[in-house]
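Notes follow once the structure below has been shown.
The values are calculated or read from the model by the stated rules, or taken from the named source; none is laboratory data. Please read these numbers as outputs of a predicted model, since none were measured by experiment. Here the Cβ is made from the backbone with ideal geometry for all residues, glycine too, and neighbour counts use every protein chain on show.
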């Protein structure tokens, strides 16, 4: 096959967030150039604010873009993998809202006029204009904003409109859906033919693993964050879709049982949007001093937080894939999750699946995990078995196959 140039749109990394879509983008950047023997790669990055981005390939140490790029190109050095194809980063400093609006209303600029490319890979449906003849593969993570617009602020709803998501999805040459549920959603709600969509599961990073309770670093983390009492854990963005109010109400009911008086509830993650009700629910709780908001946790510390938890609770109303429950399973933690959207597909019988509208279901599940060590261990082992299905190298390999098919159609 003739050498082609693949452009990966990494603009969403400019937010500095560490949610699922950003993780997906980083992992694709990390794996694709290493396993690909046929294509060169250009990474399109735009941010008016100067933000450091960290790029990583395979098992090699991180290469910091703002330190390792000279003239927009990553130069060979002892840190770069020798088997990786040529990778360049094209950085621009245009306000993204202005850039998106220009694309939305004027179709300008054509990105391939700025950056030579044969195929565009969009890890999300960020709006992008390009010329006829350029192929585009786009990943769709979920359509939650169509199912539950009430869970989004007007700013987020405006952003979805500005991205012209339906036209972006329909024009793409091929789509990747991160679950069968999301694929079916795109077929039904957008009207895309099923044969134009390939389901490719996302992966789980190997950094999420079971750690001995005697591990020195974990003990240090435990002391620093005063995690000496048993706790239930939620990890993720604080927003209505995640159903965190239900977690707090379930915790209130659990604490009425004297056997759980020492337990705390730890809510870890950054504030997203429409989160005031979450904080207000915690303030009203009789057990508010046992409800802890940790804010966003650094990626390298998440593994410790998961490992220290008694159980992970994730009764989300809607997920296109769902990283946190799998990360918890990888760390040997029993999971309680919603029985809605993609979660039954991703978790199956490896987690306790509950009706997210029924607080009592969450209470019963949490108590069963804590009070029945044999059952808890059964769920832990089922979790370890489940996560074997999700591997980033496999994700990248299957994605590369889509690129090859599209390249063959030039």
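Observations, loosely collected:
Rundown of residues vs (1) modelled with pLDDT under 95; (2) outside any strand (DSSP E or B); (3) over 18 Å from the mean Cα position of the chain (by Cα), yes/no style:
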{"residue": "253", "(1), (2), (3)": "no, yes, yes"}
{"residue": "259", "(1), (2), (3)": "no, yes, yes"}
{"residue": "265", "(1), (2), (3)": "no, no, yes"}
{"residue": "278", "(1), (2), (3)": "no, yes, yes"}
{"residue": "283", "(1), (2), (3)": "no, yes, yes"}
{"residue": "286", "(1), (2), (3)": "no, yes, yes"}
{"residue": "292", "(1), (2), (3)": "no, no, yes"}
{"residue": "305", "(1), (2), (3)": "no, yes, no"}
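- Only helices (runs of 4 or more DSSP H) whose full extent lies in segment 325-388 are considered here, and the ones with at least 1 residues that are within 20 Å of the chain's Cα centre (by Cα) and touching a residue at least 24 places away in the same chain (Cβ under 8 Å) are 343-347, 373-387.
- Residue match in segment 29-51 (condition: under 23 Å from residue 302 (Cα atoms) and at pLDDT below 90): yes
- Against the numbered list (1) on the phi > 0 side of the Ramachandran plot; (2) in contact (Cβ under 8 Å) with a residue 40 or more places away in the chain, residue 303 comes up short only at (1).
- Scan of segment 265-293 for residues that are farther than 25 Å from residue 15 by Cβ and out of contact with any strand residue (DSSP E or B) (no Cβ under 7 Å at 6 or more places or on another chain), ordered by number: 280, 281, 283, 284, 286, 287, 288, 289
- Only one entry in 351, 382 is touching a strand residue (DSSP E or B) at 6+ places or on another chain (Cβ under 8 Å) and at negative phi, namely 351.
- Members of segment 1-50 found to be assigned to a helix (DSSP H, G or I) and without any contact (Cβ under 8 Å) to a residue 40 or more places away in the chain, listed by number: 15, 22, 26, 29
- Among the candidates 298, 311, 282, residue that is closer than 24 Å to residue 203 by Cβ and touching a helix residue (DSSP H, G or I) at 6+ places or on another chain (Cβ under 7 Å): 311
- Evaluation of residue 65 against (1) touching a helix residue (DSSP H, G or I) at 6+ places or on another chain (Cβ under 8 Å); (2) buried (at least 16 other Cβ atoms within 10 Å of the Cβ); (3) modelled with pLDDT under 90 (one fails), failing number: (1)
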